[in-house]
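As structure tokens, the structure follows; a few thoughts come after it.
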Amino acid sequence: MDSRGTGVLVLPDNRGLSGFYEQLTVRLAGQGYPALALDYFGRTAGVGYQDRGADFDHMSHLARLTRDGLYADFAAGIAHLRGPVGTRTTVSLGFCLGGRFAFLTAAPSFGLAGVIGLYGMPDTLFGAPGPTQLVGELTAPVLGLFGGADEGIPPELVAGFEAALAGAGLPHGIVTYPGAPHGFFELDRPEYAVAQADAWRRILAFIDEPENVTKAV
């Protein structure tokens, strides 16, 4: 395998594993980065996401996720990249809910070289503290990419997250794309092609050198 030695743990959005994330792992592998995408619902819906169909009720399975189960799955994915795949370092790359999860995997227990979150809610969500509140427990460099027109994550929450990261002395880079909505990276719409290309460039730059996050911003 033509690997640069860094593996990528891909954390999908709240709908779970889909063809987009399979294609993303292939795209990352094409750049020399072995990648593994998690299926959050494998514990409750069974393996084989392709068989779930368009009427799959992902919300009911979201409600059954547990912190212990998720963290065990994150750790297992990281261990697979490090063990059987043989990567020297690992970063996480998450989207939406997975972006929030990615920020949280900056905790030292996961041993990641860095974390990348695209439009991940950084603040309190359904009463649970987010990366902004838990920043004191995080140690890995953070790259956060957000949409300026994301109604669910207003600019003040992004600014609060950046201020918390700075206050904690955590290496970080925060980029906001003006006019881009939530989920812009996954949208097949030409008006977001420039933002998508720029985000991809920053993602690859960060994977190459997460300790020098300023190169990605």
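Rundown of residues vs (1) over 20 Å from F20 (Cα atoms); (2) under 16 Å from the mean Cα position of the chain (by Cα); (3) modelled with pLDDT of 95 or more, yes/no style:
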| position | (1), (2), (3) |
| --- | --- |
| A72 | yes, no, yes |
| P84 | yes, no, no |
| T90 | yes, yes, yes |
| L112 | yes, yes, yes |
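Show me the helices (runs of 4 or more DSSP H) entirely contained within the stretch 18-111 in which 2 or more residues are over 23 Å from A140 (Cα atoms).
19-30, 42-45, 58-62
Assuming P129 fulfils every condition listed in (1) under 16 Å from the mean Cα position of the chain (by Cα); (2) at pLDDT 95 or above apart from one, which condition is it?
(1)
Filter the stretch 101-111 down to the residues that are surrounded by fewer than 23 Cβ atoms within 10 Å (Cβ to Cβ) and in contact with a strand residue (DSSP E or B) (Cβ under 9 Å, 6 or more places away or on another chain) and list them by number.
F110, G111
To keep it simple, each residue is scored yes or no on (1) under 25 Å from G5 (Cβ atoms); (2) touching a residue at least 24 places away in the same chain (Cβ under 8 Å); (3) surrounded by fewer than 20 Cβ atoms within 10 Å (Cβ to Cβ); (4) of a type outside the set (D, E, K, R).
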residue: P131; (1), (2), (3), (4): no, yes, no, yes
residue: L145; (1), (2), (3), (4): yes, yes, no, yes
residue: P155; (1), (2), (3), (4): no, no, yes, yes
residue: A163; (1), (2), (3), (4): no, no, yes, yes
residue: V175; (1), (2), (3), (4): no, yes, yes, yes
residue: V194; (1), (2), (3), (4): no, no, yes, yes
residue: A216; (1), (2), (3), (4): yes, yes, no, yes
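Please go through the stretch 106-127 and give me each residue that is hydroxyl-bearing (S, T, Y) and touching a Gly at 6+ places or on another chain (Cβ under 8 Å), ordered by number.
Y119, T124
The values are calculated or read from the model by the stated rules, or taken from the named source; none is laboratory data. Remember, it's a predicted structure, so these values are computed and weren't measured experimentally. Neighbour counts run over all protein chains shown; Cβ positions are idealised from the backbone, glycine included.
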